[in-house]
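Trainee: Quick one: structure below, then a few questions.
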Amino acid sequence: FSVAAVSGGADSLALLYFLRESGTSLLVAHFNHQLRPDSGADEAFVRQTAAALSLPFVRDSADVAAFAAQNQLSLEEAARQLRYRFLFRAARQAGAAAIVTGHTADDQAETVLMHFLRGAGLPGLKGMTARTLLPAFDPEIPLLRPLLGWTRAQTENFCHARGLNYRIDSSNRDTAYLRNRLRHQLLPLLAEYNPQIRQTLAKTAALLQEEEELLREMEDSAWQRVAARAENGYAQFDREQLSALAPALRRRLLRRAALRLRPALRDVDFEALQRAANLQPVEVAGGLKIFVEADTLYLAESESLLPLNSPQLNASLPLTVGQACELGRGWVLTATELAPAALNLPLADNFSAALDADRTGNRFRLRAARRGERFEPLGLPGKTVKLSDFFINLKIPQRLRAGWPLLCAGDEIAWVVGLRPAEKFRVTEKTRRVIGLSLKKV
């Protein structure tokens, strides 16, 4: 059971009768774009055709011109969005297995040429496929194009052979639309060099689709290796592994991430992907930008969407030995007193620290860094460093530095939490009481 998109023109009428003759159960769907005075007559024609064939009929209508102006879209893109919203909604409501459209080899040639002129890569130059998913509208119901192997002349001949009258859309000759300029101006000119230009472009698309399938397999494998995630507003990549890939694979992975984050995007401009493949901070598409932090590359609209891999403080908090302090976002810092003999040195990770209790006392305060603040890192006795330089040396992202928690004894930094304790408060062979600190995310 499928939804057949029928405008009333030769292509869609041929599609309707072809599917019916093939025994496919159908729901006839028509969308009125309100762009022509006779659009109502088109709708009535399709309704009557469905009735004559004893097929169910659904319709919808919208002011495409107003929608285009409100959303700063071309009329073509606005019409496409509204039409597909209707078709997929109708398919969902009817429980249809697919949506079927009457795109032909001529449409394919125009699409390939359009993408070529806009500077598309292989995903654009392969044109339309006989079966595709459009996640921007529905992640499960496929769109089928069974007439991609037919020319427009063949659909007209199919209608004539059955005595079918079809509607002629006068706007198809309006060269204000890019596709119409290609159809009526550029393709006839190209036909002077290659009389079979439409068939050649369609054949090229079919060949490139096979190449695309092979590259997609390589892309899938690379995605598993270098992409940590692409959800919740950002995509995350292992920068070193990503940079080791061929530029073509980098472009494909960044394109996949952009389309996952922005399903409404039809595609990503090739030039934008080319810039992004250099792995430098640039805008890619749909407001998405590249952010580079240490060994990680992110794709997101803003830094505010990136994950916080450390606790962040916006207030001063007390901490007493024997207690736990919640730092927010699930991070908890605990302080316990230990006997020196119970201390297992060296400590296994940066999320733990041991301090000399006789030097620190039992009361601490957690706070954020102050401008120009310095501290004496463990291992550098007698030498203080600017906290800002310390963060830079450890490649701490700038967006995390201002709120990074500091554990202070009095007014002195005893531990840059999760990174390094201070030399002054280190445990030595003379230490009698030890304070064990542990940072965990629960």
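The values are calculated or read from the model by the stated rules, or taken from the named source; none is laboratory data. What you see is a predicted model, and the numbers here were worked out from it, not measured in a lab. With ideal geometry, Cβ positions are generated from the backbone for all residues, glycine too; neighbour counts draw on all protein chains shown. The area values use the complete protein model at the heavy-atom level, side chains included, leaving out ligands, DNA and RNA. Shrake-Rupley method; radii C 1.70, N 1.55, O 1.52, S 1.80 Å.
Trainee: Quick check: pseudo-label points 7 Å beyond the Cα along Cα→Cβ at THR320 and ARG432, how many nm apart are they?
Mentor: 2.3 nm
Trainee: How much accessible area per residue does segment 273-422 have, counting only protein heavy atoms and a probe of 1.4 Å, in square angstrom?
Mentor: 51 Å²
Trainee: Then there's this: Find the relative contact order for segment 1-133 and round it to a whole percent, using C-alpha pairs within less than 8 Å whose residues are 6+ positions apart. The partial results should precede the final answer.
Mentor: Numbers: 163 pairs, mean separation 36.6, N = 133.
This gives 28 percent for segment 1-133.
Trainee: Quick one: dipole size for segment 1-140, taken about the Cα centre, charges +1 on Lys/Arg Cβ and -1 on Asp/Glu Cβ, in debye to the nearest 20.
Mentor: The dipole of segment 1-140 has a size of about 320 debye.
Trainee: Once fully extended, how much extra length lies between ARG118 and GLU76, figured as 0.36 nm per residue of separation less the alpha-carbon to alpha-carbon distance? Working shown, then result.
Mentor: Working: separation 42, 0.36 × 42 = 15.12 nm, distance 1.53 nm.
Stretched out fully, the ARG118 to GLU76 stretch lengthens by 13.6 nm.
Trainee: Mind giving me the nanometre distance, one decimal, between the label points for LEU133 and ASN180, set 7 Å out from Cα along Cα→Cβ?
Mentor: 3.6 nm
Trainee: Another question, then. Give me the three principal axis extents of segment 44-85 from the C-alpha atoms, as integers in angstrom, largest value leading.
Mentor: 40, 16, 12
Trainee: Among LEU338, ALA258, ALA51, whose Cα lies farthest out toward the positive end of the dipole of the chain, if unit charges sit on the beta carbon of Lys, Arg (+1) and Asp, Glu (-1)?
Mentor: Checked the options; the winner is LEU338.
Trainee: Which FRET efficiency value, to the nearest 0.05, is calculated for GLN241 and HIS160 with the Förster distance at 56 angstrom and r the Cβ-Cβ distance?
Mentor: After rounding, the FRET efficiency stands at 0.45.
Trainee: If each DSSP helix of 4+ residues adds -39,500 (n - 2.57) and the sum is divided by the residues in the chain, what number results at 222 nm, nearest 500 deg cm²/dmol?
Mentor: Rounded to the nearest 500, the figure is -11000 deg cm²/dmol.
Trainee: Hey, another quick one. Nearest 0.05, what FRET efficiency do ASP60 and ARG367 give at R0 = 56 Å with Cβ-Cβ as r?
Mentor: Computed FRET efficiency for ASP60 and ARG367: 0.40.
Trainee: What accessible area, in Å² to the nearest ten, does a 1.4 Å probe give for LEU186?
Mentor: Its accessible surface works out to 50 Å², give or take rounding.
Trainee: On to the next question. Taking 0.36 nm per residue of separation and subtracting the Cα-Cα distance, what length does fully extending LEU394 through MET218 add? All intermediate terms of the calculation are to be shown ahead of the outcome.
Mentor: Working: separation 176, 0.36 × 176 = 63.36 nm, distance 3.43 nm.
Additional length available on full extension: 59.9 nm.
Trainee: Report the number of Lys pairs in the chain whose alpha-carbons are under 17 Å apart, with separation of 8 or more residues or on distinct chains.
Mentor: 4
Trainee: Which net charge results for the neighbourhood of ALA272, defined as the other residues with beta-carbon distances under 12 angstrom from its beta-carbon, given Lys and Arg at +1 and Asp and Glu at -1?
Mentor: Summing Lys/Arg as +1 and Asp/Glu as -1 gives +1.
Trainee: Moving on. With the convex hull built on the Cα atoms of segment 176-240, state its orientation-averaged projected area in nm².
Mentor: 8.0 nm²
Trainee: Another question about this same structure. Given contacts defined as C-alpha pairs under 8 Å and at least six residues apart, what's the relative contact order of segment 96-181, whole-number percent?
Mentor: Numbers: 85 pairs, mean separation 29.5, N = 86.
Across segment 96-181, relative contact order equals 34 percent.
Trainee: In nm, give the distance between the simple-model label positions of ALA228 and LYS386, each being 7 Å from the Cα along the Cα-to-Cβ direction.
Mentor: Simple spin-label model gives 2.8 nm for this pair.
Trainee: Can you bin segment 23-149 into rounded, prolate or oblate? Criterion: square roots of the alpha carbon gyration tensor eigenvalues sorted a ≥ b ≥ c, rounded for a/c under 1.5, prolate for a/b above b/c, oblate for the rest.
Mentor: oblate
Trainee: Here's a follow-up. Give the relative contact order (percent, whole number) for the chain; include only Cα pairs under 8 Å separated by 6+ residues.
Mentor: Dividing the mean separation by the residue count of the chain yields 11 percent.
Trainee: Output the peptides 229-240, 168-179, 411-422 sorted from most to least packed, where packing is the average of other Cβ atoms within 10 Å over each peptide's residues.
Mentor: On the way: 229-240: 16.9, 168-179: 13.2, 411-422: 21.6.
Going by the mean number of other Cβ atoms within 10 Å, highest first, we get 411-422, 229-240, 168-179.
Trainee: Order GLU283, GLU156, GLU140, most accessible first, counting only protein heavy atoms with a 1.4 angstrom probe.
Mentor: If we order GLU283, GLU156, GLU140 from most to least accessible, we get GLU140, GLU283, GLU156.
Trainee: Then there is this: Multiply the residue separation of SER302 and ALA52 by 0.36 nm, subtract the distance between their alpha-carbon atoms, and state the gained length in nm to one decimal. Can you show the working numbers first?
Mentor: Working: separation 250, 0.36 × 250 = 90.00 nm, distance 5.51 nm.
This chain segment gains 84.5 nm when fully extended.
Trainee: Listed highest first by mean packing, meaning other Cβ atoms within 10 Å per residue, what order do 24-33, 188-197 come in?
Mentor: Values: 24-33: 21.1, 188-197: 11.3.
Averaged packing, sorted descending, gives the order 24-33, 188-197.
Trainee: A follow-up question, please. Can you give me the P(r) profile for segment 1-89? Cα pairs, bins 10 angstrom wide beginning at 0, each as a whole percent.
Mentor: All Cα pairs, binned at 10 Å, distribute as 17, 48, 27, 7, 0 percent.
Trainee: Across all directions of projection, what mean area in square nanometres is found for the Cα convex hull of the chain?
Mentor: Details: hull surface 112.9 nm².
The orientation-averaged projected area of the Cα hull of the chain comes to 28.2 nm².
Trainee: Could you please report the charge total around ARG36, scoring K, R as +1 and D, E as -1 over all other residues with beta-carbon less than 10 angstrom from its beta-carbon?
Mentor: Net charge in that neighbourhood comes out at -4.
Trainee: Whenever you get a sec, compute what percent of the accessible area on the chain sits on carbon and sulfur atoms (1.4 Å probe). Don't skip to the end; give the middle numbers.
Mentor: Working: 11210 of 22620 Å².
C and S fraction of accessible area: 50 percent.
Trainee: Might you tell me the accessible area per residue for segment 1-141, computed with a 1.4 Å probe and given in Å²?
Mentor: Computed with neighbouring chains in place, this is 43 Å² per residue.
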